[in-house]
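Here's the structure, in structure tokens; my notes come after.
The values are calculated or read from the model by the stated rules, or taken from the named source; none is laboratory data. Predicted model only: the values in this text are computed from it and were never measured. Virtual Cβ from ideal backbone geometry, glycine too; neighbours counted across all protein chains shown.
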Amino acid sequence: MASTTLLVLTGCVTAPISQDTTQLQALSLLMPKRIEIVEPFTRVTSFDEDASPDGIELLLQAVNSLDNPGVMIVGEIRFELFEFIPASGDRKGRRLEYWDVALVSKEDQRDHWNQVTQMYEFRLRVDPSVLPIEDRYVLAVTYQSPLGDRLSTDCLIEYKKRGGPMGRR
């Protein structure tokens, strides 16, 4: 009887390692391998249509291991705005502002995912007094997945001044 119980208990072992490996490989096809700031549509702007810039509009896309863009992601994203340092190996100067955005719920996804462009859209508010009178900034983005993967990218944002020292774009 004891040997029968032992046989029954050993029959309830978890899936073999090869199945776990196959599942991880399948999952990795769907997970993003890189994130990209869509630079032509990312800019310093005025959200209230006055002469002072008070935000950044940003398009972000995730790309999977098959180089397919338009991948939805889940996790946390940190955006950081830095002064631009010309003629430097590290073009990031002093950090001016940062934002943490969660993409963990259906509402988060609906708030930021654009079904037409298959990209995430973010409107990041900036205190105009924080922005120095510059025409270039570095915007860095770091994505942290729930699985612990971390992806990052950055881009140079140029702000074309018109009128006053911080005129509209």
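Observations
- Residue that is farthest from S46 (Cα to Cα) [pool: residues in the range 125-154 that are of a type in the set (A, V, I, L, M, F, W, C) and surrounded by fewer than 17 Cβ atoms within 10 Å (Cβ to Cβ)]: L147
- Reported count of residues in the range 88-135, each being in contact with a Pro (Cβ under 9 Å, 6 or more places away or on another chain) and among the polar types (S, T, N, Q), is 1.
- For S129, the conditions (1) among the hydroxyl-bearing types (S, T, Y); (2) within 18 Å of P69 (Cα to Cα); (3) modelled with pLDDT under 90 are fulfilled apart from (2).
- Extreme residue, modelled with the lowest pLDDT, among residues of the range 132-169 that are closer than 30 Å to M72 by Cα and in contact with a Phe, Trp or Tyr (Cβ under 6 Å, 6 or more places away or on another chain): R136
- For first residues located in the range 129-149 and more than 18 Å from R95 (Cα to Cα), partners that are part of a strand (DSSP E or B) and among the aromatic types (F, W, Y) and lie 6+ apart or on another chain with Cβ distances below 9 Å form the pairs D149/Y143.
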